Amino acid sequence: MKAIAWRLQTGNKDKFIYRLQIDGLKALRAINKAYKTLGNWDITAEGFNPKSKETLLIFSKEFADEGEWIDWAKNIPLNLVEHNRKGKPKPIKLGLNVKRKRRRKAVSV
């Protein structure tokens, strides 16, 4: 499952409302997994493409600050990309793209 997220532009700069779009859902199992993964999010929109038999889901949630959003987004089990206001991807790694590297201890001689 691929997911795209963006911050909703509001007049209040203290509000951090994010939208998350998941597309390419072909099977009912994948749709149920998306609903389960984003259980505490509000469903904003739902769509279906009859030619490709794919479902599109859009969710919405408000966060306390941008740091809370990033912490949540780094741990989601999806391929997630955040876009800026112009629709271009941000360089931050989120979701399954985050690789946790183990640091090796330096060997002293």
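The values are calculated or read from the model by the stated rules, or taken from the named source; none is laboratory data. This is a predicted model, so every value here is computed, not measured. Neighbour counts run over all protein chains shown; Cβ positions are idealised from the backbone, glycine included.
Looking at this structure, is Ser108 part of a loop (DSSP other than H, G, I, E, B) and modelled with pLDDT of 90 or more? Here the answer is no, as Ser108 does not meet what is asked. Only one of the listed residues (Glu54, Glu66, Glu62) is surrounded by 11 or more Cβ atoms within 10 Å (Cβ to Cβ), charged (D, E, K, R) and at pLDDT below 90. That residue is Glu66. Of all residues in the range 82-96, those satisfying the criterion of being within 22 Å of Lys15 (Cβ to Cβ) and either touching a residue at least 12 places away in the same chain (Cβ under 8 Å) or loosely packed, with under 11 Cβ neighbours inside 10 Å (or both) are Glu82, His83, Asn84, Arg85, Lys86, Gly87, Ile92, Leu94.
Candidates in the range 8-25 are the residues that are without any contact (Cβ under 8 Å) to a residue 40 or more places away in the chain and in a strand (DSSP E or B); of these, the one that is nearest to Phe63 (Cα to Cα) is Gln21. Among the residues of the range 7-18, the one identified as surrounded by fewer than 17 Cβ atoms within 10 Å (Cβ to Cβ) and either at pLDDT 90 or above or within 20 Å of Pro77 (Cα to Cα) (or both) is Ile17. If you go through the range 26-64 and keep only what is assigned to a strand (DSSP E or B), more than 15 Å from the chain's Cα centre (by Cα) and of a type outside the set (Gly, Ala, Ser), you end up with Glu46, Phe48, Asn49, Glu54, Thr55. Looking at the range 36-51, which of the residues that are in contact with a Phe, Trp or Tyr (Cβ under 9 Å, 6 or more places away or on another chain), free of Cβ contacts under 8 Å to residues at least 24 places away in the same chain and not aliphatic (A, V, I, L, M) is surrounded by the fewest Cβ atoms within 10 Å (Cβ to Cβ)? Here the residue is Asp42.
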